[in-house]
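Trainee: Sharing a structure with you now.
The values are calculated or read from the model by the stated rules, or taken from the named source; none is laboratory data. None of the values given here were measured: they were computed from a predicted structure. Virtual Cβ from ideal backbone geometry, glycine too; neighbours counted across all protein chains shown. Calculation scope for accessible area: heavy atoms of the full protein, side chains included, ligands and nucleic acids excluded. Shrake-Rupley method; radii C 1.70, N 1.55, O 1.52, S 1.80 Å.
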Amino acid sequence: MTLPGGNPESNSASPVAPAEREFTQRGAQAERASAPPAEPSPVSPTFDVVTRARTKEIISLYPESRSALLPLLHLVQSVEGYVSQDGIRYCAEALGLTTAEVSAVATFYTMYKRNPCGEHLVSVCTNTLCAALGGDEIYDRLRTRLGTGDRPLGHEGTAGEPGTPGSVTLEHAECLAACDLAPVLQVNYEYYDNQTVDSAVELVDALRRGERPQPTRGAPLTDLRTVELELAGFTDDAAEVDTTARVEGPSSAIESVRGARLAEENGWAAPAMPDQPPAMPAAAEKR
């Protein structure tokens, strides 16, 4: 069948011999060459000239165009604030994929959101160590704080009108890879370490007031769409971002490098690699 974006879905349930696949591809190419010019895509108005130019730039970086799908989805998300069905079709058309192939990737990775997000994305780690040290309490309190009445905000729920200043999308994250600084949360993927319930509430309240508190480490805080554009590979819009409160943050924490410091202080070092690798045991004979 052919989907609304003009992409034929293929049934790959049965294997296709290489020669047959090559013949089929040649036939499809010939058919496309002889076909009349396609009508403008129905999703064209969603993405402007700048976005389309950036799309071509991303695709040009890869030997195989389909490899550009991940950054292209980030680009779409920087434009829309999420990955809509129009965004799915846009990526499919740009890369010559089916919408099913693009959807499979967009729904596999949690960084791609299928519902409109707020100006800021707050991710609370609720994995084992963070949870044991207060991550669950932080998440529950923020759900209540950002909810309405007796209805706490749900996972990937948004307080405020999505995309407007001060709007916040809340999610629980499986792991943010900062166990030495637990409990942690992120705002637009920037770290806020050693949090408490009160400090997390204060942080979210500041975001809703339009403030951008400095992360514990890493880059200065911006908004989610700017971060998505950076993840797509573009930083040329940095001048358009308010830089009055942008201060470089440290890239590591004392806790993270404590082991290296102890080794340095005590003269510890890993054994050097031998000149010759150790002999491997003989493999068992197959019977």
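Trainee: Could you tell me the center-to-center distance, by alpha carbons, between region 262-287 and region 155-217 in angstrom?
Mentor: Using only Cα atoms to place each centre, the spacing works out to 43 Å.
Trainee: Another one. Give me the distance in nm between label points sitting 7 Å out from Cα along the Cα-to-Cβ direction at THR148 and TYR109, one decimal.
Mentor: Rounded to a tenth, the inter-label distance reads 3.3 nm.
Trainee: Return a whole-number percent for the relative contact order of region 123-172, with Cα pairs under 8 Å and 6 or more residues apart as the contact set.
Mentor: Numbers: 61 pairs, mean separation 16.2, N = 50.
Relative contact order, region 123-172: 32 percent.
Trainee: How far apart, in nm, are the 7 Å Cα→Cβ label points at THR196 and VAL257?
Mentor: Result for the modelled spin labels: 2.7 nm.
Trainee: Length gain on complete extension for the stretch LEU61 to MET280, per 0.36 nm per residue less the alpha carbon to alpha carbon distance?
Mentor: This chain segment gains 74.7 nm when fully extended.
Trainee: Of all accessible surface on region 135-277 at a 1.4 Å probe, what whole percent is carbon and sulfur? Mind dumping the intermediate values first?
Mentor: Values: 4240 of 8450 Å².
Answer for region 135-277 is 50 percent, counting heavy atoms of protein chains only.
Trainee: For region 109-175, what is the accessible area per residue in Å², given a 1.4 Å probe and the full set of protein chains?
Mentor: Values: 3390 Å² over 67 residues.
Result: 51 Å² of accessible area for each residue.
Trainee: Taking N as the number of residues in region 98-148, what is its alpha-carbon radius of gyration divided by 2.2 N^0.38 Å?
Mentor: Numbers: Rg = 14.9 Å, N = 51, 2.2 N^0.38 = 9.8 Å.
Against the empirical 2.2 N^0.38 Å value, I get 1.52 for region 98-148.
Trainee: Hey, if we sort ASP205, ASP198 by accessible area with the 1.4 Å probe, largest down, what's the order?
Mentor: Working: ASP205 35, ASP198 110 Å².
From most exposed to least exposed: ASP198, ASP205.
Trainee: What residues have an amide H closer than 5 Å to that of GLY163, excluding those fewer than 5 places away on the same chain, when H is modeled at 1.01 Å from N in the peptide plane?
Mentor: GLY118, GLU119
Trainee: Quick check: with the 1.4 Å probe, what order do ILE59, ILE138 take by accessible area, largest first? Please report the intermediate quantities before stating the final value.
Mentor: Working: ILE59 35, ILE138 5 Å².
Sorted descending by solvent-accessible area, the residues read ILE59, ILE138.
Trainee: Quick one: which of 265-273, 208-216 comes out on top by average Cβ neighbours within 10 Å, and what's the full order, highest first?
Mentor: 208-216, 265-273
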